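The values are calculated or read from the model by the stated rules, or taken from the named source; none is laboratory data. Just so it is clear, the structure is predicted and the values come from calculations on it, not from any experiment. Neighbour counts are summed over all protein chains in view; Cβ atoms, including those assigned to glycine, are modelled from backbone coordinates with ideal geometry.
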Amino acid sequence: MPESRVTAQQKKAVAERANGCCEYCRSQARFAIQPFSIEHIIARSQGGETVMDNLALSCQGCNNHKYNKTEGRDPVSGDLVPLYHPRNTLQGNLRHTYGKKSGRW
Ligand SMILES: [Zn+2]
């Protein structure tokens, strides 16, 4: 059974992998008033494990808003849709492509 607590080595590795930025909103930890968290993308309460692929650096706002959810209601269609997943490269690539081409968020 994997360890449930995030180790100091994992915290350091996740923060370095994220370049000190929240993996959801891209805000920078060095300018934040509150310390960033290492959060479970799939919450432990939902069966998520404490492994590098399931850990993300998160600002307090994103961490609190996401809580243990992996899905949310689309405000336009009302459909239940998956929330952004930092390890899903297709979503990550689309996000970066959109931001670069349109220049807005
Ligand atoms: Zn954030």
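When the residues of segment 1-27 are filtered to those that are assigned to a loop (DSSP other than H, G, I, E, B) and among the basic types (Lys, Arg), the one that is nearest to the chain's Cα centre (by Cα) is ARG26. Taking the conditions (1) part of a loop (DSSP other than H, G, I, E, B); (2) modelled with pLDDT of 90 or more in turn, GLY72 satisfies each one other than (1).
Among the residues making up segment 16-27, those that are buried (at least 16 other Cβ atoms within 10 Å of the Cβ) and either within 10 Å of the ligand (Cβ to nearest atom) or farther than 12 Å from PRO86 by Cβ (or both) are CYS21, CYS22, GLU23, TYR24, SER27. For segment 28-42, the tally of residues that are closer than 14 Å to PRO86 by Cβ, part of a loop (DSSP other than H, G, I, E, B) and not β-branched (Val, Ile, Thr) stands at 1.
Table: residues versus (1) at pLDDT 95 or above; (2) loosely packed, with under 15 Cβ neighbours inside 10 Å; (3) within 11 Å of the ligand (Cβ to nearest atom).
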{"position": "VAL6", "(1), (2), (3)": "yes, no, no"}
{"position": "VAL14", "(1), (2), (3)": "yes, no, no"}
{"position": "PHE36", "(1), (2), (3)": "yes, no, yes"}
{"position": "SER45", "(1), (2), (3)": "no, yes, no"}
{"position": "CYS59", "(1), (2), (3)": "yes, no, yes"}
